[in-house]
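J.: Here's a structure for you.
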Amino acid sequence: MKKMFGVIGDPIAHSMSPAMHNDLFQLHGIDASYLPFHVSNDDLESAVKGLKALGASGFNVTIPHKTEIIPYLDGIDPLAEAIGAVNTVKNEGGLFIGYNTDGPGFVKGLESHAADLLSRSALIIGAGGAARAIYFSMAKAGFKHIDICNRTPNKAEELVNACPYKVDSKVLDYDSAERNLGNYQLLVQTTSIGMHPDIDSVPLSTNNIAQHSFVSDIIYNPLQTKLLKEASVKGASTQNGIEMFVYQGALAFEKWTGIFPDTEKMKANVLRHLGGYTC
Ligand code: NAP
């Protein structure tokens with residue numbers, strides 16, 4: 001029987017996940033469909049029950065349901081529980097189990113660029129939901145030193161205090177982050193600053209950026225943010241948010257099927273669906 005997968009969110013029409021996963025099912029000869037479901041906050045519980053009643057094999061969860069879905073699941077893996085957000089659900093013998101592949105996907109996307117990134121001193125810019133998944137996953141992966149700067153410093157403090165994995169961290173404001181930028185070999189930009197239509201903004205100045213540093217911006221609309229352009233001009237290697245998106249999808253696909261897909265093909269497919277540009 002054809003297997004059913006999907007993604008729930010509000011809004012959902014923009015999601016690239018159906019195109020990405022349907023391409024993968026076709027490529028691997030798996031008889032399955034992946035559908036977008038527009039689910040409002042009020043309908044979340046009944047949507048989860050409905051997916052279970054229909055025998056969905058798994059689904060992704062996107063904004064605004066990543067945290068609110070947790071009480072409606074039958075179980076949650078420890079990393080997703082610590083992060084407090086689920087983006088992937090798998091039907092395990094009739095039980096819906098929640099996972100977080102956003103953070104691990106980000107780390108895997110980094111590792112695909114250079115194995116030595118793990119040993120680098122890192123600065124995360126931002127302390128929202130994406131930063132939390134990334135910070136906890138980087139700490140779990142073995143990064144030794146990760147500082148965080150955020151407009152609202154107490155949100156970054158909360159994040160550092162809540163992390164169950166051992167990592168040396170301090171919280172900075174934007175001024176001291178800019179002054180001390182040369183201390184970091186890895187910058188991870190997780191705020192929405194620079195995202196379409198705000199494409200001329202940067203979260204901080206790259207004047208003091210270290211030579212040969214690596215800058216990852218999780219925004220993929222536009223594909224190259226102003227921050228990435230400026231860092232690239234200063235000689236840094238850069239990575240955009242397509243990488244995190246593709247690797248979180250690859251890890252979800254692996255959970256559902258046992259197959260870790262070809263991420264280069266996935267990236268090409270996503271870019272093809274975007275028409276090579278995003279705004
Ligand atoms: P969020 O929870 O709302 O967090 C937003 C972050 O941006 C917070 O740190 C916030 O600072 C900061 N921020 C927002 N506007 C700001 C401003 N004007 N000045 C200074 N700081 C500002 O959002 P999120 O879910 O973490 O998502 C953040 C970005 O990541 C979005 O652009 C999203 O599209 C992208 N994203 C990409 C992927 C991917 O797969 N590539 C996955 C998830 C998210 P305060 O705490 O001070 O408010």
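The values are calculated or read from the model by the stated rules, or taken from the named source; none is laboratory data. Quantities reported herein were computed from a predicted structural model and do not represent experimental measurements. All Cβ positions, glycine included, derive from the backbone under ideal geometry; neighbour counts span all protein chains shown. The protein model used for the area step is the full one, side chains on, heavy atoms only, and it has no ligands, DNA or RNA in it. Shrake-Rupley method; radii C 1.70, N 1.55, O 1.52, S 1.80 Å.
J.: For the range 86-95, indicate whether the set of residues that are part of a helix (DSSP H, G or I), touching a residue at least 40 places away in the same chain (Cβ under 8 Å) and within 24 Å of ALA13 (Cα to Cα) is non-empty.
T.: Within the range 86-95, not a single residue is part of a helix (DSSP H, G or I), touching a residue at least 40 places away in the same chain (Cβ under 8 Å) and within 24 Å of ALA13 (Cα to Cα).
J.: (1) free of Cβ contacts under 8 Å to residues at least 24 places away in the same chain; (2) under 21 Å from GLY129 (Cβ atoms): which one isn't true of GLY50, the others all being true?
T.: Result: GLY50 fails condition (2) only.
J.: Here is a follow-up. Filter the range 223-244 for residues that are over 17 Å from GLU178 (Cα atoms) and within 16 Å of the ligand (Cβ to nearest atom) and give the result.
T.: Scanning the range 223-244 gives LEU223, GLN224, THR225, THR238, GLN239, ASN240, GLY241, ILE242, GLU243, MET244.
J.: What do you reckon, is TYR184 within 16 Å of the ligand (Cβ to nearest atom), within 16 Å of GLY126 (Cβ to Cβ) and among the aromatic types (Phe, Trp, Tyr)?
T.: So TYR184 does not fit the description; no.
J.: Continuing with this model, one more query. Might you let me know whether the range 61-70 holds any residue that is assigned to a strand (DSSP E or B), outside the structural domain of TYR165 (by TED's automatic domain parsing), modelled with pLDDT of 95 or more and under 29 Å from ALA139 (Cβ atoms)?
T.: Taking every residue of the range 61-70 in turn, at least one turns out to be assigned to a strand (DSSP E or B), outside the structural domain of TYR165 (by TED's automatic domain parsing), modelled with pLDDT of 95 or more and under 29 Å from ALA139 (Cβ atoms).
J.: Starting from the range 129-146, keep only residues that are away from the ligand (no atom under 13 Å from the Cβ) and in a strand (DSSP E or B), then list their pairs with residues that are acidic (Asp, Glu) and modelled with pLDDT of 95 or more whose Cβ atoms are within a distance under 8 Å, requiring at least 6 positions of separation or different chains.
T.: HIS145/ASP168; ILE146/ASP168
J.: Within the range 102-128, which residues are more than 16 Å from the ligand (Cβ to nearest atom) and in a loop (DSSP other than H, G, I, E, B)?
T.: ALA114, ARG120, SER121
J.: Given the residues GLY142, GLY194, which is the only one that is at positive phi, crowded, with 22+ Cβ neighbours inside 10 Å and not charged (D, E, K, R)?
T.: One residue alone meets the criteria, GLY194.
J.: Being over 13 Å from PHE25 (Cα atoms), of a type outside the set (D, E, K, R) and buried (at least 17 other Cβ atoms within 10 Å of the Cβ) narrows it down to one of VAL233, VAL246, so name that one.
T.: None of the others qualify; the one that does is VAL246.
J.: Among what's in the range 203-222 and is more than 11 Å from the ligand (Cβ to nearest atom), aliphatic (A, V, I, L, M) and modelled with pLDDT of 95 or more, pick the residue that is surrounded by the most Cβ atoms within 10 Å (Cβ to Cβ).
T.: VAL215
J.: Let me ask you something else. I'm trying to understand the selection: among the residues of the range 1-36, which are in a helix (DSSP H, G or I) and open to solvent by less than 70 Å² (accessible area, probe 1.4 Å)?
T.: SER17, PRO18, ALA19, MET20, HIS21, ASN22, ASP23, LEU24, PHE25, listed by residue number.
J.: Now for a different question. So how many residues does the range 24-47 have that are more than 20 Å from GLU92 (Cα to Cα) and in contact (Cβ under 8 Å) with a residue 60 or more places away in the chain?
T.: Looking only at that region, the number is 3.
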